Amino acid sequence: MRIHIQNPPNDPLFQFSRAMWDEAAARAPDIGTGHAVTIGSTDADFAAAMQDAEALVTDTSVVKAQFPCAAPALKLLFVTSAGLDKLAPFDWLPQGVALMNNRGTHEAKSGEFALMAILMLANRIPEMTTNQRAGSWQKLWGSVLAGRHITIVGLGTLGGAAARHAAAFGMHVTGVRANPAPHPDCARVVGTDELDAILPQSEFLLLASPLTDATRNLIDRRRLNLLPQHAGIVNIGRGELVDQDALCDLLDSGHIRGAVLDVFTPEPIPAGHRLWTTPNLVISPHTSADDPATYNPRSLDIFLDNLRAWRDVRPLPNRFHPERGY
């Protein structure tokens, strides 16, 4: 197959190299060898490759900059992000091209970040950092995780990894997803329509779902107020999942004890935005799920797994369905 990998022009930490491809091909010799592969980073590289490329591996910034474009031979488009909401609407996608996301690359890193965030909230670290900035010595007592209740909205790669770590620490894990099928690391799983009923028992709320029409502003002001006094919130999904101003208000008032947020509206957070001074809030600049040391190798492994499925005329594991948003 004729495969082209297009690097973004301004993201040196996540550049693909020939060595990365060769190593990935060696890990999967049944599908990784025998291809004509090019790697580019300029507009000219992209234009030349699209004349005959059958598969394209690239990131969202390249897709936004280059599509729609002439790609007469293109059959597979693998985008190295899990959430593709920034590419909507998908009218730029050439007819007949299978679009894939990078679901699976983020599992290990995001799961560990989620566990770290939950432990920070259990030990009241956001409050301690607020006191530190104020020069205030105030003893705050934390608690172990065992037996405490966490609700995880979204049980895909991110939420599933978080559920596994939380369960290993003895937490009572409730999962929320559109299809409330059981999950091995959750004591129970409920549909989104039952969210209001479980929020009052949720000591911790972790948001890990993709952004779709159904999840946008899912945790609005009314639902934030359903949480128990001194609950903690983690968001590793998308900023638009939660009413950000309402969350800041509840952190200001103390109804929400603490929050660890990795995603925001907008990004980057503008200078002078109230998020910078909201108490008991830890800000991570959208880095919870990405590890530069493993991201690209794992991405290529996932791409080759999908290429194997394509060869064998099986469903693509990472097929993205624009009508669903995931």
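Here, each number is a calculation from the coordinates, and none is a lab measurement. Since we're looking at a predicted model, the values are computed, not measured. Reconstructed Cβ throughout: ideal geometry from the backbone, glycine too, with neighbour counts over all protein chains shown.
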Helix 125-134 against the longest principal axis of the chain: what's the angle in degrees, Cα atoms only, rounded to the nearest 10? 70 degrees
Cα-derived Rg over Rh, computed across the chain with Rh taken as Kirkwood radius: 1.01
Check each of the trypsin sites (Lys or Arg not before Pro) in segment 83-190 and keep only those in coil by DSSP with at most 14 other C-beta atoms within 10 angstrom; list them in order. Lys139
Counting other C-beta atoms within 10 Å, and keeping those with at most 10, which DSSP coil chymotrypsin sites (Phe, Trp or Tyr not before Pro) do you find in segment 65-143? Trp137, Trp141
Any chance you could give the angle, 0 to 90 degrees and rounded to 10, that helix 107-122 forms with the longest Cα principal axis of the chain? 10 degrees
Could you let me know the centre-to-centre spacing of segment 248-326 and segment 169-185, using Cα atoms, in angstrom? 20 Å
Relative contact order of segment 244-291 (C-alpha contacts under 8 Å, at least 6 apart) in percent is 43 percent
Quick note, segment 6-77: a/c under 1.5 would make it rounded; otherwise a/b > b/c is prolate and the rest oblate (a ≥ b ≥ c, C-alpha gyration tensor); here it is oblate
In degrees, nearest 10, the alpha-carbon axis of helix 244-253 is tilted away from the dominant principal axis of the alpha carbons of the chain by 20 degrees
